[in-house]
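Student: Here it is: the structure, laid out below.
The values are calculated or read from the model by the stated rules, or taken from the named source; none is laboratory data. Keep in mind it's a predicted model, so treat the numbers as computed, not measured. For neighbour counting, all protein chains shown are included, and Cβ atoms are generated from backbone atoms with ideal geometry for every residue, glycine included. Protein only, heavy atoms only, side chains kept; ligands, DNA and RNA dropped before computing areas. Shrake-Rupley method; radii C 1.70, N 1.55, O 1.52, S 1.80 Å.
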Amino acid sequence: MKGKKIVALLLSLTLCASLLAACGGKSSESSAGVEINKEGYPIVNEPLTMTVMGPDIGVTKWDTMPFFKTMEEKTGIKLEFRNAPNDSFETKRNLVLASGDYPDIFFGGQFKAADEVNYGGQGVLLPLEELIDQHAPNIKKILDENPDIRKSITTPDGHIYTLPKIDLNAVWYMGPLWYNGEFLKALGYDKVPQTTDELYTYLKRVKTEDPNGNGKADEIPLTSTKLNDGVRMWLMGSFGIGLEDIYADDNGKVHYAYTADGYKDYLTFLNKLWNEDLLDHETFSQTDEQKKAKGKNNQVGLVQDYYAYFTYGGEPGDKHPMFQPVASEIAGTPVAAKHPGLAKGAFAISSTNPSPEATIRWIDYLYSTEGAEMMAKGPQGMLWDYVNKDTHEKKWLDTPNGEDREEYRGTLTPDYGVVVPGIVNEEVNNGFTNDFDKWITKENEEKILPYAKVPFPSVYLSESDQQRVSAIRSDLKTYADQMEAKFITGQEPLSNYDKYLETANKMGAEEMVKIYQAAYDQWKQN
């Protein structure tokens, strides 16, 4: 009888261990034979190993990287890595996806939208939305507060198959234009031009009034490298064009920039600048290095670069004001393209993953401020430390042997040269912003953000539509670029603009717009 009681007790304990919630024990659940803690860390109390595929840029092996070691210590989940060189990562990943021998996790790099749809539909990638709702409070909060992000990562079949990198502070789609501050001062400007007429007047004065004061007529009012450096995009906004490719207007109508209303006005304005030698006549032939040399020689009045001092020289500072988008006579101008703050396809869970619940909890940590701090700068105490943990104020620490800070960072975290999942927000950067960073933020707030909107969301196309759009866009962009240069330089008279439109539409411009219009309408309904 005593032996039977012991057996019964053991059976009862075993049953309770397998049904913890029903027995009122730990708040956890079973996955792959391992108990998953619903809250707190570690995520698992027993060993759990998963395989990860990611892009390796050759700085430090992921299996020795402090970020992953710290994550293992925190979560209890051990990772085994199947990396491929970054320059061939997409090809290697596609071979793995075709082989059927999947890693448990895809981390870093980016899945193309068509691959998300394809491999998600085939069941290779797991849908994540229910896992997020049940086990990922940080991700869920971000998606609930930013419905456009949720829509942009939800495929047409209603599922989320990958997670993005989210930068809630992103502003620039491309680096701004910058005025030469010395020229503005010499010409008596106390604010930057506000309209296309005022911009024209400024460029004209740069050409004729010797603002560099060397007694030579060597000033170049506006210079560029084929207009691809951002000059095109920022000046198109003066004529109501939201981006230099596909964009949607305030009424939800999709346009192709090179055939949109306002594009002829943009060409007419640039042609005027060209004819009066206000646009550098080497714009369509020079290299970026040649453009920068002119800036450092104090010849240029307006130029595009990520930061002004990259071209004008000197140290970071407020010497050279940011360009403010200028209005034309067209109603509703100017417009400016705001970066969507979203890099899709940076994380996925494969169908062979032994514990999707543990995995989504693991990645959810990187969408918290604390996790994002470690992803961005490496573990606390190596490159940085807290000044005030409650406010997330931080400070830099000295690097070993005076090593370059950025290069050292690349040995600590995979967030170096590749797209990784997670977030960037003001708290993550708190303490790392200097006076120059604060000035840039102020310039953005005053000059860019009042006119900025995301020009087009990240939409999904069917495989056939994607192939068709890719074929159209390649040839059409080449033709549009060639004709843009010809119209601006006068090789092709603007009287032939209607003929250009006809040819562009025959090449598929209208068809491409219809495809994107349907995708945009679907995105809005998600």
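Student: Considering the stretch 466-512 alone, what residues qualify as being within 32 Å of the chain's Cα centre (by Cα), open to solvent by less than 10 Å² (accessible area, probe 1.4 Å) and hydrophobic (A, V, I, L, M, F, W, C)?
Tutor: Val469, Ile472, Leu476, Ala480, Ile488, Ala504, Ala509, Met512
Student: Here's something else I'd like to know. Does Glu463 meet the test of being over 30 Å from Trp274 (Cα atoms), in contact with a helix residue (DSSP H, G or I) (Cβ under 9 Å, 6 or more places away or on another chain), surrounded by fewer than 19 Cβ atoms within 10 Å (Cβ to Cβ) and not polar (S, T, N, Q)? Steps first, please.
Tutor: Working: over 30 Å from Trp274 (Cα atoms): yes; in contact with a helix residue (DSSP H, G or I) (Cβ under 9 Å, 6 or more places away or on another chain): yes; surrounded by fewer than 19 Cβ atoms within 10 Å (Cβ to Cβ): yes; not polar (S, T, N, Q): yes.
So Glu463 fits the description; yes.
Student: Out of curiosity, is Ile166 part of a strand (DSSP E or B), crowded, with 18+ Cβ neighbours inside 10 Å and touching a residue at least 40 places away in the same chain (Cβ under 8 Å)?
Tutor: Working: part of a strand (DSSP E or B): yes; crowded, with 18+ Cβ neighbours inside 10 Å: yes; touching a residue at least 40 places away in the same chain (Cβ under 8 Å): yes.
So Ile166 fits the description; yes.
Student: In the stretch 170-208, which residue that is of a type in the set (S, T, N, Q) and surrounded by fewer than 18 Cβ atoms within 10 Å (Cβ to Cβ) is nearest to Phe323 (Cα to Cα)? Break it down into steps so the answer makes sense when it comes.
Tutor: We begin by selecting, within the stretch 170-208, every residue of a type in the set (S, T, N, Q); these are 180, 194-196, 201, 208.
Restricting the remaining residues to those that are surrounded by fewer than 18 Cβ atoms within 10 Å (Cβ to Cβ) gives 194-195, 201, 208.
Numbers: Gln194: 9, Thr195: 11, Thr201: 15, Thr208: 21 Å.
Only one residue fits best here, namely Gln194.
Student: Restricting to the stretch 72-90, count the residues that are open to solvent by 20 Å² or more (accessible area, probe 1.4 Å) and outside any strand (DSSP E or B).
Tutor: Looking only at that region, the number is 10.
Student: I would also like to ask the following. Need pairs with beta-carbon distance below 8 Å; first residue under 22 Å from Lys294 (Cβ atoms) and within the stretch 176-203, second of a type in the set (Asp, Glu) and surrounded by 18 or more Cβ atoms within 10 Å (Cβ to Cβ); sequence gap 6+ or separate chains.
Tutor: Between residues of the stretch 176-203 that are under 22 Å from Lys294 (Cβ atoms) and residues that are of a type in the set (Asp, Glu) and surrounded by 18 or more Cβ atoms within 10 Å (Cβ to Cβ), the close pairs are Trp178/Asp305; Phe183/Glu219.
Student: Any residue at all in the stretch 331-343 that's small (Gly, Ala, Ser), in a loop (DSSP other than H, G, I, E, B) and either at pLDDT 95 or above or open to solvent by 50 Å² or more (accessible area, probe 1.4 Å) (or both)? Talk me through it step by step, then tell me what you get.
Tutor: At the first step, the residues of the stretch 331-343 found to be small (Gly, Ala, Ser) are 331-332, 336-337, 341, 343.
Filter once more, so that each one left must be in a loop (DSSP other than H, G, I, E, B): 331-332, 341.
After this cut, where a residue has to be either at pLDDT 95 or above or open to solvent by 50 Å² or more (accessible area, probe 1.4 Å) (or both) as well, the list is 331-332.
Yes - at least one qualifying residue is present in the stretch 331-343.
Student: Any idea how many residues of the stretch 392-425 are modelled with pLDDT under 95 and over 30 Å from Met53 (Cα atoms)?
Tutor: The total comes to 2.
Student: So, in the stretch 276-292, exactly how many residues are touching a helix residue (DSSP H, G or I) at 6+ places or on another chain (Cβ under 9 Å), surrounded by fewer than 16 Cβ atoms within 10 Å (Cβ to Cβ) and of a type outside the set (Asp, Glu)?
Tutor: Residues in the stretch 276-292 being touching a helix residue (DSSP H, G or I) at 6+ places or on another chain (Cβ under 9 Å), surrounded by fewer than 16 Cβ atoms within 10 Å (Cβ to Cβ) and of a type outside the set (Asp, Glu): 1 in total.
Student: With the checklist (1) touching an Asp or Glu at 6+ places or on another chain (Cβ under 9 Å); (2) touching a residue at least 60 places away in the same chain (Cβ under 8 Å) in hand, flag the one item Asp250 doesn't pass.
Tutor: Every listed condition holds for Asp250 apart from (1).
Student: Return yes or no: is Gly242 assigned to a loop (DSSP other than H, G, I, E, B), under 30 Å from Ser470 (Cβ atoms) and in contact with a His (Cβ under 8 Å, 6 or more places away or on another chain)? Working first, answer last.
Tutor: Numbers: assigned to a loop (DSSP other than H, G, I, E, B): yes; under 30 Å from Ser470 (Cβ atoms): yes; in contact with a His (Cβ under 8 Å, 6 or more places away or on another chain): yes.
Yes, satisfied.
Student: Still on this structure, please answer the following. Looking at (1) surrounded by 15 or more Cβ atoms within 10 Å (Cβ to Cβ); (2) assigned to a loop (DSSP other than H, G, I, E, B), which is the only condition Tyr520 fails?
Tutor: (2)
Student: Hey, another quick one. Consider only pairs whose beta carbons are under 7 Å apart and that are at least six residues apart or on different chains; among these, list those whose first residue lies in the stretch 428-441 and is over 15 Å from Gly175 (Cβ atoms) and whose second residue is assigned to a loop (DSSP other than H, G, I, E, B) and open to solvent by 50 Å² or more (accessible area, probe 1.4 Å).
Tutor: Taking only residues 6 or more apart or on different chains, the pairs are Asn430/Thr391; Trp439/Asp318.
Student: State which residue is modelled with the highest pLDDT when the search covers only the stretch 56-71 and only residues that are open to solvent by less than 40 Å² (accessible area, probe 1.4 Å) and outside any helix (DSSP H, G or I).
Tutor: Met65
Student: Right, next: Taking helices (runs of 4 or more DSSP H) that do not extend beyond the stretch 110-156, which have at least 3 residues that are open to solvent by 70 Å² or more (accessible area, probe 1.4 Å)?
Tutor: On the way: elements: 113-121, 129-135, 137-145, 147-152.
Qualifying helices (runs of 4 or more DSSP H): 129-135, 137-145.
Student: Cβ-Cβ under 6 Å, sequence separation 6+ or interchain: first residue in the stretch 392-410 and touching a residue at least 12 places away in the same chain (Cβ under 8 Å) and of a type in the set (S, T, N, Q), partner open to solvent by 100 Å² or more (accessible area, probe 1.4 Å) and assigned to a helix (DSSP H, G or I). Which pairs?
Tutor: Listed by first residue and then by second, the contacts come to Thr399/Arg405.
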